[in-house]
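Remarks on the structure that follows.
The values are calculated or read from the model by the stated rules, or taken from the named source; none is laboratory data. This is a predicted model, so every value here is computed, not measured. Neighbour counts are summed over all protein chains in view; Cβ atoms, including those assigned to glycine, are modelled from backbone coordinates with ideal geometry. Each accessible area value is taken on the protein alone, full model and side chains, heavy atoms only, with ligands, DNA and RNA left out. Shrake-Rupley method; radii C 1.70, N 1.55, O 1.52, S 1.80 Å.
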Amino acid sequence: MEVREKAKIVITVASLVAVTVLFVTEYRRRRHRRKKTSHLSSCYLHSELKPQFGFKRVLADNSYSEFKHLKLDDASSSLEKASNCHPYEAEITVLLENIQIEFGFLRGECSLEMSDSYVWVERESQLKELAEILAKEKVFAVDTEQHSFRSFLGFTALIQISTHEEDFLVDTIALHDAMNILRPVFSDPNICKVFHGADNDVLWLQRDFHIYVVNMFDTAKACEVLSKPQRSLAYLLEAVCGVATNKSLQREDWRQRPLSKEMVQYARTDAHYLLYIADTLTAELIQLATEDSSSPDDKFHFLLEASRRSNMTCLQLYTKETEDFPGSAVASSIIYRHLNGHGDNSTISVNSEFQELVRKLCAWRDLMARIHDESTRYVLSDQAIVSLACKQPTKTEEIYDTIAHTDLASESSPSFIRSSVQSPYPVICSHLDDIYQMILNKLAKLDEILPVVLKNCLGTNGTCPISVFNYSLLVNFKTKLSSRSAPKKNGHKNFKQFTRLASRELFVKKFSCKAPVYHNCRIYANDGRLLCYCDKRKLEWYLNRGLAKLVEENPPAIMLLFEPKGRPEDEGNDFYIQTKKNICVGCGEGKHYLRYRIIPSCYRVHFPEHLKTHRSHDIVLLCVDCHEVAHAAAERYKKQIATEFGIPLFVRRVLDSKEAQGTSSSMEDESMINSEDAGVSPLHLRSAAMALLRHGNRMPSSRREELLQIVKMYYGGRDICDEDLERALLIGLSPHERRKLERKKGVSLKNSAEATRMDKQENGKKDNDSLYIHNPDASLDENNDEEAPANCAKIMNVERITVTDDSGDGGTSEGDGATELNDTQCNGNMLHQQNSKLSLLGHGPHGKQIVEYLLREYGEDGVRDFCQRWRKVFVDAVHPRHLPGGWNVSHSGRRDFGEFSVYNPTKRLSTE
Ligand code: AMP
Ligand code: ZN
Ligand code: MN
């Protein structure tokens, strides 16, 4: 052998060895790392932030519930009902039947050029601008990219839109919750949307944004009609435009930001040339007809056929896949493929064990994918399931190795994943023990595995985070399982209990204070006597103004440099010189608490400024359970106040038409009209208002009074003017009906915007009494439509959630810097973000009228007595055992430091 050849062999062997060693070490290292993480009981998602977790509204969550289709353009907002029909069926059918389609988009002047510039749309304002631009177009081209590997149902990660002038790339991750802005242009039958192979795009747009496409030209359908040899976009780009594209980019990770240059180029290419291609194919379709036909009438025959087929695509409806048991369909197919591949049915017993394990693993994988919002293949590959079911490894290390080996050999993951992390992915690593248990048969029956897994993941003290994607899984799960087999009663009950606990957990997580409320900072008078405990911000307020000096660091304490007005002890206000514990004053719960306002804001907001200063006395911390008790008592007491003072609460709700029919058919039915809880029927309200407006000054006064009563009732008993009557005309009308009425009247009703707002307020208030999500069953079937998670909508109606009411004296209480309940903390609840102030203050003029009455009749003492009554209501309901020393039902509320005090309204904290 020549030296050269020898050297070659040595080098080859050496490098082989090196590669193997490298591979093994890398593999060991990874395995080691994974094993470590798997011993932590906590889930990988706690340390991984997936972009979709920032979405506030998710239309298709990972529960087993059906997808709801909705017709929602901005004008008609939430008044439309969810259904399972295509919301634009009528509009699309018109297009299908109308042979006189105007192909107005044919300009014959599409340019092939693609410039260097494009528009990256990532802010709402930009999206609005885009919608305005598109509204003026006759045609635009669309393509979408979605991400499906790290998501259960997949989500649209990018929408490319091209007009004749420009390419737009819409960042649908950043704009996920604002995409409704594009709904109108997509459903506008006068604007043609050009797609290529739109089947998936149409469904994805429905799934993620309730965007429905009406009027489409699909260049793939045109190819079909033209019997082109190929129908792919790559082919058309090449054949029609002479442009080459690298289709492997479609499997890139489209969540990535910023997109790479290549990805931008690819994405633009997919939409940019579609208008040119559509133009060309349209010409060919017309050409084909003229060659082919005997009569010139048929000129558009083929073009219409292509258009008809395109619009048929629009009629498709997104549905969530359903199977009779989670993972059962794919389990059957895995088993079928495996047995066929082996041609080996000899050992029946092994087979049945194998099959049982495959079914379990598939069911488990399905549920894990839903819980973590991952694709099933990210959880566990089909191959890995087969390997596990064959080998049935009984040690966690072996389980890990089996999965790793199998997936390493088959390389089924997308390229972008392959380059970074490899199977077994974190989801397996943090939940390896489940597989171990399944193999050891500890989680005996198939039916029983899932509730246990769900409970371990999302139950109280569960390992995994609750999100908008998995939350309703908890609520809907039971129904899903019981549809298959009637489970044992007991299991059912436990399950119910634990979903309830889990919902409570979610509530606590979302709404409890995120930091200790009481900082227990101290303020001393210049003679060294303790004046009060307070939060850090208040200290800073004095310090920044040179009104105090810092005398202690930790916890901080200041001494006032001016002479405060009096000392708390001297006034019997011991309360202020107690440290306050961060616990529920009701039961002492220390793990979570939220603020509770003992005097309901609807009254307190109308108090004279100086009577609001004892805020820290009348805002206490309560745990969720005590909060519920206190709130319910307060709601009851409000009704009592309403009766006692003869000042009704705002009419609670406007009945829907069905309810109204059921209640009474006669307007003269006094009992209905006057019963507070029955509310007022919009029909009665409107007809009374109409009669008053039209014939008010001519009708007998008794009749007039009668009708006035009805309208007054709606406005909480206050006097009403003509403007109120006008507004009442619109109550309960749909926007469509409103417009009709406006037209009929020939004038634009100036208050219609307000009426809409008031309606929304009404809608918001409807559920006032079922505030908590402790009872998931109650919310199961309600159509919470667009607002997810469902129960947030209800939670948000709570009057106690103050956003604006107390801003006046903000900063005077403990802990204003700490988290308060607010709307933005509630996922998916945009409606209430707009209406928070309205629904929070609730009861319309009731609160104001009560306070005015008190002040008029009894002066400030009346208000003080009133506060005492509320404190008593609170004490009677909650029986608080942990109120801070000095807390007192008859607290005077007189408390100020005089001229320099933060309590002095003219010196209010400027930070507010
Ligand atoms: P396209 O419009 O052809 O770029 O495809 C749109 C989206 O469909 C892509 O973003 C992918 O999520 C998905 N997709 C299309 N083809 C494939 C494929 N062969 N493999 C994986 N995903 C695909
Ligand atoms: Zn987990
Ligand atoms: Mn594309």
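Just a few scattered comments:
- Sequence-distant residues sharing a close amide H with MET216 (under 5 Å, placed H): LYS193, ASN311
- Amide hydrogen neighbours beyond the local backbone of THR144, cut-off 5 Å, H modeled: GLN160
- Spin-label pair PHE645/HIS879, simplified geometry with 7 Å Cα→Cβ offset, distance in nm: 3.1 nm
- Linear extension gain, LYS549 paired with LEU226, 0.36 nm per residue minus alpha-carbon span: 107.7 nm
- Label-point separation in nm, ARG869 to GLU705, each point 7 Å along Cα→Cβ: 2.8 nm
- Two-decimal log10 I(q)/I(0) for region 200-276, as the Debye equation yields it once each C-alpha is a single scatterer, q = 0.13, 0.16, 0.24 Å⁻¹: -0.50, -0.75, -1.24
- Sites ASP177 and GLU48 - FRET efficiency at Förster radius 35 Å, r taken between beta-carbons, to 0.05: 0.95
- Long-range tail of P(r) for region 127-191 (Cα pairs > 18 Å, %): 36 percent
- Between ASN246 and HIS164, the FRET efficiency estimated from the beta carbon spacing at R0 = 25 angstrom works out to 0.50.
- The length gained on full extension between MET114 and SER260, counted as 0.36 nm times the residue separation minus their Cα-Cα distance, comes to 50.8 nm.
- Accessible-area composition of region 144-297, carbon plus sulfur, in percent [1.4 Å probe]: 44 percent
- Rolling a 1.4 angstrom probe over the protein heavy atoms with all chains in place gives region 156-207 an accessible area of 22 Å² per residue.
- Pairs exceeding 32 Å between alpha-carbon atoms, taken from LYS538/LYS872; LYS68/LYS128; LYS50/LYS128; LYS68/LYS221; LYS56/LYS848: LYS56/LYS848.
- Once the chain from GLU397 to TYR235 is taken as fully extended at 0.36 nm per residue, the excess over their C-alpha distance is 53.5 nm.
- Computed FRET value (nearest 0.05) for ALA515 with SER734, which takes r as the C-beta separation and R₀ as 60 Å: 0.85
- For MET559, the solvent-accessible surface computed with a 1.4 Å probe is close to 40 Å², ligands and nucleic acids excluded.
- TYR336 sits with roughly 150 Å² accessible to a 1.4 Å probe, with DNA, RNA and ligands left out of the calculation.
- The 1.4 Å probe gives accessible areas that order LYS740, LYS56, largest first, as LYS740, LYS56.
- For LEU175, the solvent-accessible surface with a 1.4 Å probe is about 10 Å², rounded to the nearest 10.
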